4 protein chains.
Amino acid sequence: MRTDARRNVEALLEAAKTVFSTAGVDAPAKEITDLAGVGVGTLYRHFPQRSDLIKAVIEREIDACADAAPALAAAHEPGIALARWLDRFTAFVATKRGFAAALHSGDPTFDGLPGYLMQKLGPALESLLDAATASGEVQARISAQDLLYAVAKLCAPMPNEEPEYGRRMVALLVDGLRSGESPH
Amino acid sequence: MRTDARRNVEALLEAAKTVFSTAGVDAPAKEITDLAGVGVGTLYRHFPQRSDLIKAVIEREIDACADAAPALAAAHEPGIALARWLDRFTAFVATKRGFAAALHSGDPTFDGLPGYLMQKLGPALESLLDAATASGEVQARISAQDLLYAVAKLCAPMPNEEPEYGRRMVALLVDGLRSGESPH
Amino acid sequence: MRTDARRNVEALLEAAKTVFSTAGVDAPAKEITDLAGVGVGTLYRHFPQRSDLIKAVIEREIDACADAAPALAAAHEPGIALARWLDRFTAFVATKRGFAAALHSGDPTFDGLPGYLMQKLGPALESLLDAATASGEVQARISAQDLLYAVAKLCAPMPNEEPEYGRRMVALLVDGLRSGESPH
Amino acid sequence: MRTDARRNVEALLEAAKTVFSTAGVDAPAKEITDLAGVGVGTLYRHFPQRSDLIKAVIEREIDACADAAPALAAAHEPGIALARWLDRFTAFVATKRGFAAALHSGDPTFDGLPGYLMQKLGPALESLLDAATASGEVQARISAQDLLYAVAKLCAPMPNEEPEYGRRMVALLVDGLRSGESPH
DNA sequence: TATGAATGAGGGTTCATTCAT
DNA sequence: GATGAATGAACCCTCATTCAT
């Protein structure tokens, strides 16, 4: 890939990341290209579908999330490792306005996004849940997908919301996993 | 108010309720007026702001939710009463696509919605939480507002989501309230 | 229909007729609405599909063409009547740039156009052909549809073409019908 | 000209011929360059104007048409020779969607195309017409240009048209030339 | 008061043409 | 010379809101 093209792609990804966190993943294409300093045609060349852009923007951060799991598992008790990793994922989701909606949209534009998320983060979270369950710190009554989606929804950033809200709610959810009682 | 005007308002509220649960609170105005069998002008006459319509549609259901609390408190143990009431609220939220986003939008269009919600449901939920705390069934470490918003987010209906997802997650959250451990 | 709406529809049809003869049936919608002095929304309200507009523009003229047949048949020898009617149709086609292409486009936008044309003009032309054949003035070796389409193609107006070209060619074609020889 | 440049020109001409017959002479440039396996820049280098490409694509075929006339004149009666040559020209036009429109477009892009056509094919057709007129088989009441353009229009390929349509119409036109009556 | 026609800004997408590599 | 990335004007269409009837 040519250097100028690479530069533009980078600029678009950076701009999209910023705009997504401000105006959501449905933000006008023009807003992104203006911030990136390129023409709209350049956006459509590199990302013919909106989901291609979303996927690309999210990809690197998802990968970083997945990569963080082994180190946390090695450094902490299983229950703590799980909590810390969810903190990590929470921080990621908190900058992706519209992410939860995109996951469930049913819009063909966003096909592939749920699959990508589960493929990358499902195994990492499952191993953390398994370890915490084995050690007795958690009663695993939730699937990795349910938990990821719950965090995605709870931590979906809202313009008028205090920043710590999502973390508090996820902590409460994890407490629910610890309790020995069955759900109603 | 003339009877025909009253009839139109009723038709609009009923139509809006249906459309909101199908296409979200951002649905085109035309969709609502067509279903109600009135012209768009009639919608704008009675509900100059979109939020006026949303508020009116939600009002009666919110009131019904609030009214359900005393009966549940009288008929069940405090912890059970709390869980049942949250089920009730969950069912309400599940039909209000876009409701959680509207609560936090910051868009002046939706001013007044959060205040109305808290004014009506805050006291009802607080008394349930207080009773459950007093009986030792719950370690109340969450405000009524936090909990209402958490349910609103978790149960926000998504096109491609299994129907029972929201209830499972809320049950898990309630379990978190029962556990004696402190959040991280 | 309200008088203002009727006035706009008339203005749109008049504008479309003018623009079609200048820039073809694929002309930008804006060009038509500007000439009509209305907003684009008004065009889309009355003619959701481009073909709806084309059909409406052509309709009245097609009907007039069809209506002319009986009078010509009564006033002239069959062969002459046929030639005169084709002159009439030629004059109509000469103002409809892109009309022939629309007839065969295969574009779903133009579905219904060939059917409408044949339904309205087919019978009129067939009766003229039948009469001319019966009187021996013509060897009917062509279907009404073939002939209509031939005229549509031959008389399709072109910016740089002398005005009388189409009429000369149609006259030649009619001579072909008169000749007793069979085609190769 | 370098051999690679020559090769690219050939590839472009071949690709353009194919695309023209499929999608018309207004087809996107990219379609042509992709089929040719070259970049768009190469197209614009060799054919700065769209008409340059069209002209070049058509040139060889026009020349072949012109060259066919003497052989046909030698092998057949004048009338037959004329018909056969028109068949030849018909086959050529049938693969050049948009060709007739380009001839009359008035668009400076297509300047030179009508002149080239007449310069090459006019004499060939005139000599055939002259011979047929001299032998009495044809009452030549049409100029070579009129006839060429009539065939170009009648045989302009349309997506939804039966393949034999053009030939039938041209045959009818030639019958018109045979008839001794005068046009109206 | 009710209606629904009209407006036009706004967002999506394509593609001819230029120009950096 | 060849390449194909970038540009941005141009067109399409939708829908919130206003206002004539």
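The values are calculated or read from the model by the stated rules, or taken from the named source; none is laboratory data. Small disclaimer: the values here were computed from a predicted structure and weren't measured. Because the Cβ atoms are built from the backbone with ideal geometry, glycine has one as well, and the counts that use them run over all protein chains shown.
When the stretch C:23-56 is filtered for residues that are within 12 Å of DNA strand E (Cβ to nearest atom), outside any helix (DSSP H, G or I) and surrounded by 15 or more Cβ atoms within 10 Å (Cβ to Cβ), the ones remaining, listed by number, are C:V38, C:F47. Could you say which residue among D:G166, D:G115 is assigned to a helix (DSSP H, G or I), on the phi < 0 side of the Ramachandran plot, surrounded by fewer than 17 Cβ atoms within 10 Å (Cβ to Cβ) and not basic (K, R)? Within the list D:G166, D:G115, the selection yields D:G115.
Against the numbered list (1) more than 10 Å from chain D (Cβ to nearest Cβ); (2) at pLDDT 90 or above, C:P163 comes up short only at (2). Residues in the stretch A:4-19 include at least one that is away from DNA strand F (no atom under 12 Å from the Cβ), over 26 Å from B:D107 (Cβ atoms) and outside the structural domain of A:F99 (by TED's automatic domain parsing).
Here is a list of conditions, (1) more than 25 Å from C:E59 (Cβ to Cβ); (2) acidic (D, E); (3) part of a helix (DSSP H, G or I), and C:E161 meets all of them except one; can you say which number that is? It is condition (3) that C:E161 fails. The one condition from (1) part of a helix (DSSP H, G or I); (2) of a type in the set (A, V, I, L, M); (3) surrounded by fewer than 19 Cβ atoms within 10 Å (Cβ to Cβ) that B:A171 does not meet is (3). Taking first residues from the stretch C:9-29 that are farther than 17 Å from C:G39 by Cβ and partners that are modelled with pLDDT of 95 or more and aliphatic (A, V, I, L, M), the Cβ contacts under 8 Å between residues at least 6 apart in sequence or on separate chains come to C:T18/C:L35.
When each of D:L82, D:L128, D:L173, D:L72 is tested for being touching a residue at least 40 places away in the same chain (Cβ under 8 Å) and within 13 Å of chain C (Cβ to nearest Cβ), the lone residue that passes is D:L82.
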